[in-house]
Amino acid sequence: MNEKKLTEENNQRYQAIADQIQKGNTDEAIISLKEILSSNPNDLVALSMSGSAYMRAGDETEAFNYFEAAVKADPDSFSAHGDLAFASMKCGQSAQAITHFERSIEINPDFYPAWSFLEALYFEKRDYVAAVNAVKKSESLDPMDEEYKEMQNALKNGYLENAEKMARSMISRHPGHPRGSYMLAHLASRAGAHEECTKILRYALQHHPANAMLRKTLIQNLERLGEFILAVDEAEGLVKLDSDYRNWILLSKVYGHIGSYEKQLSAAEEAAEKIENDTDELGKVDLLRGHALKILGRRSESEQAYRDCIIRTHGNGAGWWGLADFKDYSFNQDDKLSMQKIIENKNHNPAQRCQAAFALAKAFESENDFNESFSWYKKANSLRPNLNFNQKDHKKFCERIIDEFDSDTLKNQAEKQDNMPIPIFIIGMPRSGSTLIEQILSSHSQIEGTMELMTLPNLERKIIISGGQNFDKRYPESFRYFNQEQLADFGMEYINQTSIYRSDKPYFIDKLPPNYERVGVIQKILPNAIIIDARRHPMACGFSIYKQHFAGGHEYSYDLSNIGFYYNCYLEVMDHFNQFISEKIFTMQYEKNIHDTEAMTRELLDHIGVEFESNCLEFFRNKRAVRTASSEQVRKPIYKGSLEEWKNYESELQPLEESLGDQTIQRFNDIY
């Protein structure tokens, strides 16, 4: 680099030498440069290019001689300091690199490359404040700013290919360019290519490790992939880098994913301390605190956190639903009026209005005002935004499961492995007593209770991708083509990924009701696994689902006809698996469990292969964290009052009854 105006002739000569260096013809380049320096020993361009030529030739000692000579020739040349700093950085001499990059920006504060490289150097020495400042400076000086704006416009106007080309061009010229990488990662995620998105972001962070935008995007993408352990590691790094309260909120959420609820609460409280004069944001943190405290069984503190959330956040329905989801919370008249105002105000977020309506419906139900209650349940379900359940699509999906996981496919399993922890999968429909089963089992000395794990669904995604790449087959057909060794590898990956959630007990619980769709996967990759089908009368189950606001998923659950349809599909899938692997599946009928808990518990433990322990009948004394909608019920002795609650609404549940059909309902005539 040379700050003096060069003649056109010199420009051409230097360009020819630069081309030689780039092509690896360093000997010829060095000869030409020595000719120039023989007549002008202080020629900064020639000194700099000589250093570059020797670096390319692998002679670092001689390269530094020339870079240092350039600095000596002109101590006030920002480019000379920049060249020496860059060479030092490449050779692992970080302290010297920082010294000369800092000198270069003293001379020229707008020297973009220096700020860009200083970011990584400061990050390496854990000077995060300086690193973040370098990020801000380099962004403000980004020479590709106009291209970035053009790229944003292309995305906004739907020209995705153009946006991608511009992003790739930026990255080719500046490896890991933050804005280009962010755009490319966004496009990958938008296309569902989350694995590719992760690769893009990790590459960018190698070059720009202090860029909080890239790191937050990586954390969110890891969450989508279910890579929660990696997400926690990144989030812990993020708050060290930038202690903004939003980053603490993100850390709190990812702690929740791995069941670290005390840490989740601590991170939320740390976020609250960092919020100044923003009651809306503090209200959001109160909501997080309320959820964590509920999971930990600290009810009075949880209630207060939800109340604080309601007071601080205008139009907040989530706080009201947090209270209602205790199932036995008593609302007063003012509470009900406040909820109704949120629901009726169309300027409020539909998701908040929806949750307020669920809470209000529960309030009236607690007062035995069933007509008023159902009208609000109906309103709540109608307000649920962003639903995308299609009966035909779901039916086809379930038929593919039944067709592809036939007897022969199910027999082709991974070999059973001894001395490995045995997973106990609790599957079925939601609101069917699965949390009660989990609490009973986790009270046994040999069985570890965990949480609703996303490990299997996320592993299934990898299996789907692998089947497509290796066999050019869609899932579940692709499962026919994996050999025993490959199936065993998938099983071992599941065991390894769940290790963070368990100790050294011989059995552990994986309770996720929708895993009934993955019984075939379980059978093939985890031959030692035990499956418990949590089942409940379809009318009772269906209504309990209808009056529950789920944080995510379960898109069928906001329409009575869809619930009945989904329930029948679940029965068809389980009937299929019970036909071929009935010895693996234990069906726990909720009503029988409530009427004679001891008898059903003894049967269940016998199926698992462990001795009966009386602690299992005192499950309500178990202090473990419980995350599901039944968290409060399972902290109390068995309650039989919920068995026929649906009959209070029977006249309103005709769409559910018709969708289920007589044949399904008659299957449950003998459950009591």
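The values are calculated or read from the model by the stated rules, or taken from the named source; none is laboratory data. What you are looking at is a predicted structure, and each value in this text was computed from that prediction instead of being measured. Backbone-built Cβ (ideal geometry, glycine too); neighbour counts: all protein chains shown. Surface areas here come from the heavy atoms of the whole protein model, side chains and all, with no ligands, DNA or RNA. Shrake-Rupley method; radii C 1.70, N 1.55, O 1.52, S 1.80 Å.
If you place +1 on the Cβ of every Lys and Arg and -1 on the Cβ of every Asp and Glu, how big does the dipole about the Cα centre of the chain come out, in debye to the nearest 20?
On the way: 78 positive and 102 negative charges, 168 e Å.
In debye, rounded to 20, the chain gives about 800.
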Calculate the spin-label point distance for Phe397 paired with Glu493, positioning each point 7 Å from the Cα along the beta-carbon direction, and give it in nanometres. 2.0 nm
How far is helix 8-23 tilted off the main Cα axis of the chain, in degrees rounded to 10, range 0 to 90? 50 degrees
With everything on Cα atoms, drop me the angle between helix 228-241 and the longest principal axis of the chain, reported from 0 to 90° to the nearest 10. 50 degrees
If you place +1 on the Cβ of every Lys and Arg, -1 on the Cβ of every Asp and Glu, and leave all else neutral, what size is the dipole of the range 503-552 about its Cα centre, to the nearest 20 Debye? 140 debye
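Determine the gain in length on full extension of the stretch Lys411-Ile671; use 0.36 nm per residue of separation and subtract their C-alpha separation, reporting nm with one decimal. Kindly include the intermediate steps, with their values, before the conclusion.
Working: separation 260, 0.36 × 260 = 93.60 nm, distance 3.20 nm.
So the chain would gain 90.4 nm between Lys411 and Ile671.
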Kirkwood hydrodynamic radius of the range 452-605, from inverse mean 1/r over distinct Cα pairs, in Å: 17.4 Å
Radius of gyration and Dmax over the Cα atoms of the chain, both given in Å: 31.4, 105
Multiply the residue gap between Ser169 and Asn345 by 0.36 nm, knock off their C-alpha separation, and tell me the result in nm, one decimal place. 58.6 nm
19 Å cut-off, amide nitrogen to a point 7 angstrom out along Asn11 Cα→Cβ, residues in the range 30-62: 44-46, 49
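In deg cm²/dmol and to the nearest 500, what is the mean residue ellipticity at 222 nm of the chain if only DSSP H runs of at least 4 residues count, each as -39500 (n - 2.57), divided by the residue total? Intermediate results must be reported in sequence, preceding the final value.
Numbers: 34 runs with 426 residues, N = 672.
After summing the helix terms and dividing by the residues of the chain, the value is -20000 deg cm²/dmol.
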The range 111-135-the range 303-367 distance, computed between alpha-carbon centres (Å): 47 Å
Is the C-alpha gyration tensor of the range 335-426 telling us rounded, prolate or oblate? Criteria: a/c under 1.5 is rounded; beyond that, a/b larger than b/c is prolate, otherwise oblate. prolate
To check you understand DSSP bridge types, tell me what percent of the beta bridges within the chain (both residues inside) are antiparallel, rounded to 5. 0 percent
Please calculate how many Å² of accessible area the chain carries per residue, with a 1.4 Å probe and no DNA, RNA or ligand atoms counted. 46 Å²
Given the pairs Lys411/Lys592; Lys156/Lys263; Lys90/Lys136, which span a C-alpha to C-alpha distance of over 28 angstrom in this model? Lys411/Lys592; Lys156/Lys263
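Given a Förster distance of 51 Å, report the FRET efficiency between Asp606 and Asn386 from their Cβ-Cβ distance, rounded to the nearest 0.05.
Values: r = 44 Å, r/R0 = 0.87.
With a Förster radius of 51 Å, E is 0.70.
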Considering only Trp321, Phe397, Ile311, whose Cα is most displaced toward the positive end of the charge dipole of the range 299-435, charges sitting on Cβ of Lys, Arg (+1) and Asp, Glu (-1)? Ile311
Put Ser52, Ser478 in order of accessible area, largest first, probe 1.4 Å, and you get Ser52, Ser478
Compactness check, the range 1-77: C-alpha Rg relative to the 2.2 N^0.38 Å globular estimate gives 1.01
At R0 = 45 Å, FRET efficiency that the Cβ-Cβ distance of Tyr481 and Glu276 yields, to 0.05: 0.20
Accessible-area composition of the chain, carbon plus sulfur, in percent [1.4 Å probe]: 45 percent
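If you stretched the chain out fully between Asn25 and Asn40, how much longer would it get, using 0.36 nm times the residue separation minus the C-alpha to C-alpha distance?
Values: separation 15, 0.36 × 15 = 5.40 nm, distance 2.29 nm.
Difference between extended and current length: 3.1 nm.
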Expressed in nanometres to one decimal, the distance between label points 7 Å along Cα→Cβ at Arg202 and Ser330 is 5.6 nm
Of Gln352, Tyr159, Asn277, farthest towards positive along the dipole that unit charges on Lys, Arg, Asp, Glu beta carbons give the chain: Gln352
Using r as the Cβ-Cβ distance of Arg126 and Glu650, and R0 as 56 Å, what FRET efficiency do you calculate, to the nearest 0.05? 0.30
Set Lys and Arg Cβ to +1 and Asp and Glu Cβ to -1, take the dipole of the range 79-158 about its Cα centre, and tell me which of Tyr122, Asn133, Tyr148 lies farthest positive. Tyr122
Expressed as an acute angle from 0 to 90° and rounded to the nearest 10, what is the orientation of the C-alpha long axis of helix 94-107 relative to the principal long axis of the chain? 70 degrees
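Which order do the peptides 313-320, 607-614, 98-105 take when ranked by the mean count of other beta-carbon atoms within 10 Å per residue, highest first? Can you show the working numbers first?
Details: 313-320: 22.8, 607-614: 13.9, 98-105: 21.1.
Ranking the peptides 313-320, 607-614, 98-105 by packing returns 313-320, 98-105, 607-614.
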Which of the peptides 457-469, 278-290, 247-259 is most tightly packed, and how do the rest follow, judged by the mean count of other Cβ atoms within 10 Å per residue? 247-259, 278-290, 457-469
Quick one: Kirkwood hydrodynamic radius for the range 335-488, alpha-carbon pairs, angstrom, one decimal? 20.2 Å
